[in-house]
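What follows is calculated from the coordinates using simple rules that are stated; it is not laboratory data. Keep in mind that this is a model prediction, so the values were computed, not measured. Neighbour counts are summed over all protein chains in view; Cβ atoms, including those assigned to glycine, are modelled from backbone coordinates with ideal geometry.
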Amino acid sequence: MSVYVRNLVINTSADFSETLELTRSGDGKPTDLTGYTGVAHLRKTPESSTYVGFGVSFGSNADRKVGRVVISIGSTSTSSLKSGRHVYDLMLIRPNGNRIIAVEGTVLVRGGISTSCF
């Protein structure tokens, strides 16, 4: 599995969710994620010691077999993000314990979304 680059946009004070579909680099077939777990972090810079964690979920066994993984952050956490560019990555942990960075990219955090009118 190669490291994929996927850039994201997150609005402050809003729930965020993104479905990623991972494929094998050689033949483009879906990566079977059966037995995998995952961890994902969002940081202002790669060197930053503070981060916001994404929720990582895989759905059903059928979703795992076709390489589908969902990353999410709730509105309580996005409300604390500062506007601007950030970076993130998704690390997958194989059933044998090996760890790989599967997805990385930049995140544009957009502030100023009005929630008081609802």
Kindly list the number of the only condition in (1) of a type in the set (A, V, I, L, M); (2) in contact with a strand residue (DSSP E or B) (Cβ under 6 Å, 6 or more places away or on another chain); (3) within 15 Å of Val107 (Cβ to Cβ) that fails for Ala14.
(2)
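Taking the range 43-72 as the search range and keeping residues that are farther than 26 Å from Pro95 by Cβ and not basic (Lys, Arg), which one is surrounded by the fewest Cβ atoms within 10 Å (Cβ to Cβ)?
Going through the range 43-72, the residues farther than 26 Å from Pro95 by Cβ turn out to be 43-50, 52.
Now restrict to residues that are not basic (Lys, Arg): 45-50, 52.
Details: Thr45: 8, Pro46: 8, Glu47: 7, Ser48: 12, Ser49: 5, Thr50: 7, Val52: 19.
Out of the qualifying residues, it is Ser49.
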Here is a list of conditions, (1) exposed (fewer than 14 other Cβ atoms within 10 Å of the Cβ); (2) within 16 Å of the chain's Cα centre (by Cα); (3) hydroxyl-bearing (Ser, Thr, Tyr), and Tyr36 meets all of them except one; can you say which number that is?
(1)
